Amino acid sequence: MMPTPVILLKEGTDTSQGIPQLISNINACQVISEAVRTTLGPRGMDKLMVDNRGKATISNDGATILKLLDVVHPAAKTLVDIARSQDAEVGDGTTSVTLLAAEFLKQLKPYVEEGLHPQTIIRAFRTATNLAVNKIKEVAVSVKKEDKQEQRQLLEKCAATALNSKLIAGQKEFFSKMVVDAVMSLDELLSLKLIGIKKVQGGALEDSQLVSGVAFKKTFSYAGFEMQPKRYDNPKIALLNVELELKAEKDNAEVRVKSVEDYQAIVDAEWNILYDKLEKIYHSGAKVVLSKLPIGDVATQYFADRDLFCAGRVQEEDLRRTMMACGGSIQTSVGALTDDVLGQCELFEEVQVGGERYNFFKGCPKAKTCTIILRGGAEQFTEETERSLHDAIMIVRRAIKNDSIVAGGGAIEMELSKYLRDYSRTIPGKQQLLIGAYAKALEIIPRQLCDNAGFDATNILNKLRAKHAQGGMWFGVDINNEDIADNFTACVWEPSIVRINALTAASEAACLILSVDETIKNPRSSADGPPGGAGRGRGRGRPHAH
């Protein structure tokens, strides 16, 4: 008699476990790495992603690409997460992280198939990562902060290395200087929010400029705006969060009036309140009035008659940056406009940039903020430039905080690979094989650099192995001459923190994927979205036809 089967999970639940499950997870991660593999390095290609709304994005940044790919495979999502964390933490090296994690798994696949226990592998990997990180710290070259000139050159080299693999690599000298100037003008905290990046279509990339101070687009203006002066020397700046126009009654207030005089009195009162506000602003001595809320036509006219400049509906972010740069504080009423709450700058002017007009505040006393104005033809191009500059800015910030650097271009990976390979020969047991596999996986970075540039990867890797074995510590791939070169003297530098973070994140992800041996999928989640998800947010009715 057959024993009755026990039904534990709901019908249609998909469970898969054991080694085949692990292998399928590893394969999924390979697919993810295939997607970003070709974007690595100076000869890397770009990807064009089109989302469901038809918006096209062209990018070379690993994190951006993975963010836009809608990954559904649960194990492969881990790789997307580490790319994002690398982007948030260091800014650059997102493609490397994904590649490393996938390569670790690829090297381990044969061992998993042979039935080696995942925990053994994980233990070996943890050891290898610790060794590698300590080795990076040991060989990294620290830079003297005292010598400003030297530090500046180092930062420019780091920024140029970060920009090497981007679309704007041709103008990297121009942009790396700009990025370093931008970051150097910040205070100790190096907050990213204080570097504003504004994009203006048209013009060439070289027309991009760095404004030490604040610049923002001219806001919506009313009649009378053109009569206001557009340039002041040493103006005082009032930053308000006040509405300067006749208010429309918000509530359905009911005012019963018996005579025309009463009605007139109410109207007059409104006007008087407005004029009272305007007069206070005028008497405070402020020359430039910025407000987050609208400034109406009456106010605009009033200010124009008295030679004041005003801009309403300024975005909060811009207002904040103006406050940081020019001092003062944002006022919610006009009652207390004393000198200490007004900002100040050396020069305010409105300038035409491309098809837009921009308000510039230059020579700010507290200038811990700056604005980069990017020019360029296509919209996607300027967006990609912005992303590239973001990477470079992050790298420069990191290099200022952690002042040790290593050589890029696959040099540090080859050195670690050699070190771990030598180490693995000194220990017995399975660990030897696994640390050897880790060492081999590190070679993916120089190998991929060669592949992307169309070189013979095996040939160059053999040269590199030989060179590192003879003690040529900083030798890496030389993209320009299809050979190997000392990348430290060639100034291909990056902060060591980038590499450390990349290694730890990649090996963590690999260990995480290895430690999963079973996936249980709820049958409902494989259908498209939650039940009734088609007409989401429209009640329970029939989903509308789009």
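Residues checked against (1) within 19 Å of the chain's Cα centre (by Cα); (2) among the hydrophobic types (A, V, I, L, M, F, W, C):
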{"position": "Gly62", "(1), (2)": "yes, no"}
{"position": "Leu68", "(1), (2)": "yes, yes"}
{"position": "Leu79", "(1), (2)": "yes, yes"}
{"position": "Val90", "(1), (2)": "yes, yes"}
{"position": "Gln107", "(1), (2)": "no, no"}
Taking first residues from the stretch 483-512 that are under 10 Å from Val90 (Cα atoms) and open to solvent by less than 20 Å² (accessible area, probe 1.4 Å) and second residues anywhere that are assigned to a helix (DSSP H, G or I) and hydrophobic (A, V, I, L, M, F, W, C), the pairs with Cβ under 6 Å that are 6 or more apart or on different chains are Pro495/Ala399; Arg499/Ile136; Arg499/Ile412; Ala502/Val97
Of all helices (runs of 4 or more DSSP H) fully inside the stretch 1-101, the set with 3 or more residues that are closer than 24 Å to Ala457 by Cα is 19-37
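Look at Ala336 and say whether it is within 21 Å of Met178 (Cβ to Cβ) and at pLDDT below 85. Quick ask: steps written out before the conclusion?
Values: within 21 Å of Met178 (Cβ to Cβ): no; at pLDDT below 85: yes.
Criteria not met by Ala336.
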When (1) at pLDDT below 90; (2) open to solvent by 30 Å² or more (accessible area, probe 1.4 Å) are applied to Ala466, the one that fails is (1)
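One line per residue, one yes/no per condition, for (1) modelled with pLDDT under 85; (2) among the hydrophobic types (A, V, I, L, M, F, W, C); (3) over 38 Å from the mean Cα position of the chain (by Cα); (4) part of a loop (DSSP other than H, G, I, E, B):
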position: Leu210; (1), (2), (3), (4): no, yes, no, no
position: Ala223; (1), (2), (3), (4): yes, yes, yes, yes
position: Ile237; (1), (2), (3), (4): no, yes, no, no
position: Lys250; (1), (2), (3), (4): yes, no, yes, yes
position: Ala265; (1), (2), (3), (4): no, yes, yes, no
position: Glu270; (1), (2), (3), (4): yes, no, yes, no
position: Leu274; (1), (2), (3), (4): no, yes, yes, no
position: Ile281; (1), (2), (3), (4): no, yes, yes, no
position: Val289; (1), (2), (3), (4): no, yes, no, no
Ser208 vs (1) in contact with a Ser or Thr (Cβ under 9 Å, 6 or more places away or on another chain); (2) of a type in the set (S, T, N, Q); (3) over 30 Å from Cys326 (Cα atoms): all pass except (3)
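This table checks each residue for (1) in contact with a strand residue (DSSP E or B) (Cβ under 6 Å, 6 or more places away or on another chain); (2) polar (S, T, N, Q); (3) free of Cβ contacts under 8 Å to residues at least 12 places away in the same chain.
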site	(1), (2), (3)
Arg387	no, no, no
Lys401	no, no, no
Ile405	yes, no, no
Lys440	no, no, no
Asn452	no, yes, no
Asp456	no, no, yes
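Across the stretch 191-207, what is the total count of residues that are open to solvent by less than 10 Å² (accessible area, probe 1.4 Å) and either over 18 Å from Gly343 (Cβ atoms) or over 21 Å from the mean Cα position of the chain (by Cα) (or both)? I'd like the intermediate steps shown before the answer.
As a first pass, look at the stretch 191-207 and keep what is open to solvent by less than 10 Å² (accessible area, probe 1.4 Å): 196, 200.
Filter once more, so that each one left must be either over 18 Å from Gly343 (Cβ atoms) or over 21 Å from the mean Cα position of the chain (by Cα) (or both): 200.
Result for the stretch 191-207: 1.
The values are calculated or read from the model by the stated rules, or taken from the named source; none is laboratory data. Just so it is clear, the structure is predicted and the values come from calculations on it, not from any experiment. Cβ sites come from the backbone with ideal geometry, for glycine too, and all protein chains shown count toward neighbours. SASA here: full protein model, heavy atoms, side chains in, ligands and nucleic acids out. Shrake-Rupley method; radii C 1.70, N 1.55, O 1.52, S 1.80 Å.
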